Amino acid sequence: MSLESVRYSRGSLQVLNQLLLPHTSQYDPVSGVREGAEVIRTMKVRGAPAIAIVGSLSLAVELSSHPLKQVSDLLTFVRESMELLVGARPTAVNMKKASDELNSFLAGEAEKPGVTAQGLTESAIQWAESLLEQDVKDNQMIGDLGAQHILETTQAPGGVCIMTHCNTGSLATAGYGTALGVIRSLHSLGRLSHVFCTETRPYNQGSRLTAYELVYEKMPATLITDSMAAVTMRERHVNAVVVGADRVVANGDTANKVGTYQLAITAKYHGIPFYVAAPSTSCDLSLPTGASIVIEERPSHELTDINGIRVAAPGIGVWNPAFDVTPHELITGIITEIGVFKPGELKAGLSRGLEKRSIV
Ligand code: MRU
């Protein structure tokens with residue numbers, strides 16, 4: 001069984017506290033929306049899909065324990081709660097899309113004759129619960145399509161060697177993972193020769209979380225510092241770089257963990273294909289280019305301190321953007337649950353696929 005970032009049953013939500021990994025596995029209870037926003041802001045749970053799932057489920061548990069009696073009160077509460085959750089970490093678009101979708105779904109339901117606050121509450125809870133299952137399905141599809149595409153386009157009879165960044169696995173999603181899902185699928189096909197995972201400073205999602213998942217799943221893997229990426233590409237026969245995304249916009253520009261941009265430039269120099277693996281819930285076709293993506297800036301202590309001990313010279317200034325934007329020209333393909341698209345084909349391909357899915 002793969003690691004579980006979230007444990008949920010009706011009325012009860014717990015998140016694996018990722019601040020304590022890899023040393024301690026502790027699930028912390030989340031009793032409602034304020035706690036949901038707090039576990040997201042403090043990064044006890046992180047990763048674009050997991051943020052949206054935990055946020056939405058925190059609303060579901062609060063609605064279960066404190067049902068509202070009036071339809072109008074319920075709609076206002078859901079809108080304000082989702083706003084709070086969206087603000088907790090603004091770059092990943094998944095929470096914002098979940099918020100827009102739930103608000104418009106409930107507004108539509110509220111128009112139906114005979115609607116009650118109780119019935120609408122049940123619909124909201126079921127909607128939030130459905131995110132868990134859908135995310136795992138999407139990730140498995142991303143894994144399979146991505147693995148198949150990489151194997152078809154790479155000459156590597158002995159198996160492929162992949163470099164990845166940050167954590168995009170079971171811990172960042174409802175299960176399986178996106179970029180790590182592609183790696184997982186290659187491994188289960190017996191076609192993964194090796195994974196290089198970057199440490200991912202300053203927050204070390206790579207060394208703490210991805211390394212933990214790779215060891216847990218017994219995949220052949222090596223940890224490198226972010227500054228070793230170029231030499232690893234040159235000397236260790238990396239066949240492809242696969243990373244996740246917090247927001248992919250209409251022209252294919254992609255916001256992801258800071259350091260992704262320099263990996264894409266380095267991959268281009270070495271002639272190595274560079275893939276972004278992301279569910280359609282991480283794609284924001286409303287923005288034409290990456291220039292208008294809001295990039296979250298995190299507190300300076302994440303850079304200056306390690307485990308509460310200051311390692312940087314006192315008095316130094318710090319800039320800590322959590323994400324950067326990789327221009328679409330550096331991206332070979334975007335692997336979604338709908339298909340693998342060149343950046344220029346993403347908008348049309350995704351719209352077509354989503355339309356087909358809503359008809360089926
Ligand atoms: O700051 P984080 O740890 O939330 O950043 C996570 C990433 O950048 C991931 O690559 C992205 O959210 C995709 S997770 C499937």
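If you keep only loop residues by DSSP, which trypsin sites (Lys or Arg not before Pro) in the range 1-67 have at most 12 other Cβ atoms within 10 Å of their Cβ?
Working: sites: Arg7, Arg10, Arg34, Arg41, Lys44, Arg46; in loops: Arg10, Lys44, Arg46.
Listed in order of number, the matching sites are Arg10.
Calculate, in whole percent, how much of the Cα-Cα pair population of the range 117-176 lies beyond 13 Å. The share of Cα pairs beyond 13 Å in the range 117-176 comes to 72 percent.
State the dimensionless ratio Rg/Rh of the range 77-236 (Rg: radius of gyration of Cα atoms; Rh: Kirkwood radius). Don't skip to the answer; put the middle values down first.
Details: Rg = 20.1 Å, Rh = 18.1 Å.
Rg/Rh: 1.11.
Taking the Cα centroid of the range 49-86 and of the range 320-338, what is the distance between the two, rounded to the nearest whole Å? The range 49-86 and the range 320-338 have Cα centres spaced 30 Å from each other.
Once the piece of chain linking Thr154 and Gln26 is laid out straight, how much longer is it, given 0.36 nm per residue of separation minus the C-alpha distance between them?
Values: separation 128, 0.36 × 128 = 46.08 nm, distance 4.04 nm.
Result: 42.0 nm gained on full extension.
What percent antiparallel are the DSSP beta bridges of the range 142-359, to the nearest 5? It would help to have the intermediate numbers written out before the result.
Numbers: 11 of 30 bridges.
Roughly 35 percent of the DSSP beta bridges within the range 142-359 come out antiparallel.
Over the chain, what is the relative contact order in percent, taking alpha-carbon pairs closer than 8 angstrom and at least six residues apart? Rounded, it is 16 percent for the chain.
Along the range 168-174 the Karplus relation, 6.51 cos²θ - 1.76 cosθ + 1.60 evaluated at θ = phi - 60°, assigns HN-Hα couplings of 10, x, 4, 6, 9, 9, 7 Hz to successive residues, with x for each Gly and Pro. What shape does the range 1-62 have by the C-alpha gyration tensor, where a ≥ b ≥ c are the square roots of the eigenvalues, rounded means a/c under 1.5, and otherwise prolate means a/b greater than b/c and oblate the rest? Note, shape of the range 1-62 comes out prolate.
Among DSSP beta bridges lying fully in the range 264-360, give the percent that are antiparallel, nearest 5.
Working: 5 of 8 bridges.
Of the beta bridges lying entirely in the range 264-360, close to 60 percent run antiparallel.
Overall, the ratio between the Cα radius of gyration of the chain and 2.2 N^0.38 Å, rounded to two decimals, is 0.98. Close amide-amide hydrogen proximity is noted between Val6 and Leu16, each under 5 Å apart and 5 or more residues distant or on a separate chain (H modeled in the peptide plane; Pro and chain starts excluded). For the range 35-143, dividing the convex hull volume of the Cα atoms by the residue count gives 96 Å³ per residue.
Under 5 Å between amide hydrogens, built in the peptide plane, is the criterion, and for Asp305 it picks out Val311 among residues at least 5 positions away or on other chains. Applied to the range 43-48, the Karplus parametrisation 6.51 cos²θ - 1.76 cosθ + 1.60 on θ = phi - 60° returns per-residue 3J(HN,Hα) values of 6, 4, 10, 8, x, 3 Hz, with x for Gly and Pro. Distance between the C-alpha centers of the range 124-180 and the range 184-199? Whole Å please. Centre-to-centre (Cα) distance: 12 Å.
Contour minus end-to-end for His237 and Asp100, with contour as 0.36 nm per residue of separation and end-to-end as the Cα-Cα distance? Walk me through the numbers on the way to the answer.
Working: separation 137, 0.36 × 137 = 49.32 nm, distance 4.35 nm.
Extending this stretch completely gives an extra 45.0 nm.
Rounded to whole numbers, the Karplus 3J(HN,Hα) couplings from phi for the range 180-192 are 5, x, 4, 5, 4, 5, 4, 5, 6, 7, x, 10, 9 Hz, using 6.51 cos²θ - 1.76 cosθ + 1.60 with θ = phi - 60°, and x at Gly and Pro.
Values in this text are rule-based calculations from the coordinates and carry no lab data. The structure displayed is predicted, hence computed values, not measured ones. In this analysis, Cβ positions are derived from the backbone assuming ideal geometry, glycine residues included, and neighbour counts consider all displayed protein chains.
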